[in-house]
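Read the structure below first, then the notes.
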Amino acid sequence: MKNLYTKPSKEEQLKNMNPKKETIQFLLSYSKALCITEYQKMKFDTVLN
Amino acid sequence: MENAKATDASLVKAYIQGNENSLSILISRHQHRIYSFIYSKVFDKDIAEDVFQDTFIKVINTLKRGKYNEEGKFLPWVMRIAHNLVIDHFRRNKRMPMFENNGDFNIFSVLSDGDLDIERQLIKDQIECDVQELIKELPEDQLEVLTMRIYKDMSFKEISERTGVSINTALGRMRYALINLRKIIEKHNLILTN
């Protein structure tokens with residue numbers, strides 16, 4: 001059986017790089033939960049559950 | 001299909017107006033470039049994941065607060081945020097370096113409690129005894145300077161005052177004491193290392 005003795009190059013490793021689905025899901029949920037309330041000249045952040 | 005064609009600028013605008021789906025499109029459109037950029041700097045998937053997340057948290061906060069100026073440069077702007085966060089990561093790590101144990105390197109091979117174990121302590125005591133015997137073979141004036149400097153921890157100024165010779169003479173005697181000590185050690189083939 002043919003053995004591979006080389007590792008993929010850094011460029012090849014970078015080709016299939018993507019963040020985890022959980023991270024994306026967290027960001028989308030965070031975005032939905034974040035609410036900015038303006039009062040006069042102030043802005044308040046609220047993260048709703 | 002429409003969303004796929006939409007420009008970054010129009011998606012950002014839609015997102016600011018409350019269309020959460022636009023953010024999802026923006027992330028999936030650019031995630032690969034941003035994540036690979038971060039990974040190419042940090043070479044650690046977990047850290048790259050953290051930096052990626054922090055980058056988009058900043059993006060979301062800025063967009064929702066209405067602080068983003070649309071100049072048609074959404075991706076360069078996000079890349080700049082990621083770049084700054086990578087720099088922050090390295091700065092933080094420089095102050096508080098984190099080591100991970102892996103097959104090639106074990107932190108405990110570098111860190112130790114500094115105390116000698118019993119065997120090494122015995123060897124050290126023996127060596128110190130041997131050295132004390134050896135220095136007795138030195139000429140009186142050299143022995144005097146060496147004892148004052150090493151065992152009494154006196155400065156050369158104090159030694160010169162005590163022995164009534166100049167500092168240079170005291171320095172010279174110390175130098176000759178060490179040279180002679182080395183000669184004695186070589187002559188007797190002694191190994192004085194722990």
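Where a number appears in this text, it was derived from the coordinates with a stated rule and is not lab data. Everything numeric here is computed off the predicted structure, so don't read it as measured data. Cβ placement follows ideal geometry from the backbone for every residue including glycine, while neighbour counts extend to all protein chains displayed.
List of remarks:
- Result for chain B in a Gaussian network model with C-alpha springs under 10 Å: among B:Ser28, B:Ser166, B:Ser36, the largest mean-square fluctuation is at B:Ser166.
- Contact order normalised by residue count of chain A, Cα under 8 Å, 6+ apart, percent: 22
- Partners for B:Lys183 among lysines (Cα-Cα distance below 23 Å; same-chain residues under 8 apart left out): B:Lys124, B:Lys136
- A simple spin-label model places the labels of B:His188 and B:Leu75 7.7 nm from each other, with each point 7 Å out along Cα-to-Cβ.
- Binning the C-alpha pair distances of the protein assembly as shown at 5 Å intervals from 0 yields a P(r) profile of 1, 5, 9, 10, 9, 8, 6, 4, 4, 4, 4, 5, 5, 6, 6, 6, 4, 2, 0, 0 %, listed from the shortest bin outward.
- Ascending count of other beta-carbon atoms within 10 Å, so fewest first, for B:Ile47, B:Ile167, B:Ile38: B:Ile167, B:Ile47, B:Ile38
- With loop membership from DSSP and a limit of 15 other Cβ atoms within 10 Å, the longest segment of chain B without GluC sites (Glu not before Pro) is B:101-194.
- Kirkwood hydrodynamic radius over Cα pairs of chain B, then Stokes diffusion coefficient at 10 °C and 1.306 mPa s, in µm²/s: 67
- Taking 26 Å as the limit for the C-alpha separation, the pairs A:Lys21/B:Lys67; A:Lys21/A:Lys41; A:Lys7/B:Lys73; A:Lys15/B:Lys13; B:Lys5/B:Lys64 exceed it in the case of A:Lys21/B:Lys67; A:Lys21/A:Lys41; A:Lys7/B:Lys73; A:Lys15/B:Lys13.
- D (Stokes-Einstein, µm²/s), Kirkwood Cα radius, segment B:118-187, 1.306 mPa s at 10 °C: 124
- For chain A, the mean projected area of the C-alpha convex hull, equal to one quarter of the hull surface, is 6.8 nm².
- Put in line by how crowded their Cβ is, counting other Cβ atoms within 10 Å and starting with the fewest, B:Met154, A:Met42 read A:Met42, B:Met154.
- Annotation for segment A:31-49 versus segment B:116-188: alpha-carbon center distance of 74 Å.
- Tensor-based shape of segment B:1-47 (alpha-carbon gyration tensor, a/c under 1.5 rounded, otherwise prolate or oblate): prolate
- Within chain B, helix-based [θ] at 222 nm, where runs of 4 or more DSSP H residues each add -39,500 (n - 2.57), nearest 500: -22000 deg cm²/dmol
- Taken residue by residue and averaged, Cβ atoms of other chains lying within 10 Å of the Cβ of B:32-39 number 4.
- FRET efficiency, 1/(1 + (r/R0)^6) with R0 25 Å, evaluated for A:Tyr39 and B:Thr7 via beta carbons: 0.15
- Rounded to whole Å, sorted largest first: equivalent-ellipsoid semi-axes of segment B:2-108, Cα gyration tensor: 33, 14, 11
- Percent RCO, i.e. relative contact order, over chain B, from Cα pairs under 8 Å lying at least 6 residues apart: 14
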